[in-house]
Amino acid sequence: MERPAWAPPGIDISVPSVSRIYDYYLGGSHNFEVDRQAARRAMEFMPGLPKIMQANRAFMRRAVRYAVGQGVTQFLDIGSGIPTFGNVHEIARAASPGARVVYVDHDPVAVAHSRAVLAGDDHADIVAADLRKPQEILAAPEVGRLLDLGRPVALLLVAVLHFLEDADDPYAAVAGLRDALAPGSLLVLTHASYEGIPLTEEVAAGTVGVYRDIRNPLVMRSRAEITRFFDGFELVEPGVVAMPNWRPDGAAGAADGDPADGEAADGEAAEDPYAFSGFGAVGRKA
């Protein structure tokens, strides 16, 4: 197997990675054949996976713009993945040029490419860390340098919590981060679920099996279980909903003052029934 020139030294290119699989779903180029093979196997059961990921990205963009519209210009994006067009710092700075962003990921390829993208950027950085160890994230020098935790921060946990099993105690990890945030901070979250998928649970479970086989278990939680992550936060209307239904651009109830997204992927993804798989929500810490 030939090693791509962009692959960081020491990376085992024979082992699939969820962040590189996600990159493949979004049409990115920073993935290996082993990642593409795993993605194609998952899509045999759930062919709409790329549409789900597009809806996820569209939700993230709207939520970031909502945060800036609420005066929150500091972002902590955990499980940020491999940089693609429309990163958090790009979306936030389009609305607020001084926005500061700290990305966090434990995938070495995601970290290496984030460092390359952010080189020379004084207002954004990347931390190599794991959501399972929130105190290590909070203690990272990049967080201390860029984020003032005494002021509101938007905490992004987008498409990451469903890779934490119950044994990892994901609720405690979120609570540890929540407790370090100032009042007025926002939690932006998306999560996979069997609810809303236009397939029987038995068929959709085939995709879950693919992720289990590559030792990255995908945990499908119910709407009620996902809502529990917002303990200590007040849900922003319309609450925990299918991602395209969270303040869709141009629709009644959209975020106050949100500029139009202007990216076709939002509308196109929302037309596909797969886009309504799983949930997204934003909460505000009182």
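When you go through Glu268, Glu225 one by one, which is the residue that is more than 16 Å from Arg65 (Cβ to Cβ) and either part of a loop (DSSP other than H, G, I, E, B) or at pLDDT below 95 (or both)?
Working: Glu225 fails: either part of a loop (DSSP other than H, G, I, E, B) or at pLDDT below 95 (or both).
Unique residue meeting the criteria: Glu268.
Give the stretch 131-168 a look and list any residue that's among the acidic types (Asp, Glu) and in contact (Cβ under 8 Å) with a residue 24 or more places away in the chain, or say none.
First, pick out the residues of the stretch 131-168 that are among the acidic types (Asp, Glu): 136, 142, 148, 165-166, 168.
Those that are among the acidic types (Asp, Glu) and in contact (Cβ under 8 Å) with a residue 24 or more places away in the chain: Glu142, Asp148, Glu165, Asp166, Asp168.
Within the stretch 88-106, the set of residues being surrounded by fewer than 23 Cβ atoms within 10 Å (Cβ to Cβ) and not in a helix (DSSP H, G or I) comprises Ser96, Pro97, Gly98, Arg100, His106.
Within the stretch 63-71, does at least one residue satisfy the condition of being aromatic (Phe, Trp, Tyr), under 27 Å from Ser185 (Cα atoms), open to solvent by 20 Å² or more (accessible area, probe 1.4 Å) and within 18 Å of the chain's Cα centre (by Cα)? Scanning the stretch 63-71 turns up no residue that is aromatic (Phe, Trp, Tyr), under 27 Å from Ser185 (Cα atoms), open to solvent by 20 Å² or more (accessible area, probe 1.4 Å) and within 18 Å of the chain's Cα centre (by Cα). The residue that is surrounded by the fewest Cβ atoms within 10 Å (Cβ to Cβ), among those in the stretch 208-232 that are over 21 Å from Asp272 (Cβ atoms) and basic (Lys, Arg), is Arg215. Remark: Arg145 falls outside the filter, which requires a residue to be on the phi < 0 side of the Ramachandran plot, modelled with pLDDT of 95 or more, open to solvent by 80 Å² or more (accessible area, probe 1.4 Å) and touching a Pro at 6+ places or on another chain (Cβ under 9 Å).
Take the residues of the stretch 32-62 that are farther than 24 Å from Glu202 by Cα, without any contact (Cβ under 8 Å) to a residue 40 or more places away in the chain and not charged (D, E, K, R): which is most open to solvent (accessible area, probe 1.4 Å)? Per the criteria, the residue is Val34.
For the stretch 122-142, what are the residues that are open to solvent by less than 60 Å² (accessible area, probe 1.4 Å) and touching a helix residue (DSSP H, G or I) at 6+ places or on another chain (Cβ under 6 Å)? Selection gives Ala124, Asp125, Ile126, Val127, Ala129, Leu131, Pro134, Leu138. Of the candidates Ala205, Ala172, the single residue that is open to solvent by 20 Å² or more (accessible area, probe 1.4 Å), within 30 Å of Gly71 (Cα to Cα), assigned to a helix (DSSP H, G or I) and not aromatic (Phe, Trp, Tyr) is Ala172.
Identify, please: which residue in the stretch 107-121 is of a type in the set (A, V, I, L, M) and touching an Asp or Glu at 6+ places or on another chain (Cβ under 9 Å) and is, among those, surrounded by the most Cβ atoms within 10 Å (Cβ to Cβ)? Walk me through how you get there before you give the answer.
Our first condition is that a residue be of a type in the set (A, V, I, L, M); within the stretch 107-121, this holds for 109-112, 116-119.
Then drop every residue that is not touching an Asp or Glu at 6+ places or on another chain (Cβ under 9 Å), which leaves 109-111, 118.
Values: Val109: 24, Ala110: 26, Val111: 21, Leu118: 18.
Going through the qualifying residues, I end up with Ala110.
When Leu186, Leu164, Leu235 are screened for being open to solvent by less than 20 Å² (accessible area, probe 1.4 Å), more than 25 Å from Pro50 (Cβ to Cβ) and not hydroxyl-bearing (Ser, Thr, Tyr), only Leu186 passes. State which residue is farthest from Val68 (Cα to Cα) when the search covers only the stretch 107-127 and only residues that are at pLDDT 95 or above and outside any loop (DSSP other than H, G, I, E, B). Across the stretch 107-127, the extreme among qualifying residues is Val127.
The values are calculated or read from the model by the stated rules, or taken from the named source; none is laboratory data. Being a predicted model, the structure only gives us computed values, none of them experimental. For neighbour counting, all protein chains shown are included, and Cβ atoms are generated from backbone atoms with ideal geometry for every residue, glycine included. Calculation scope for accessible area: heavy atoms of the full protein, side chains included, ligands and nucleic acids excluded. Shrake-Rupley method; radii C 1.70, N 1.55, O 1.52, S 1.80 Å.
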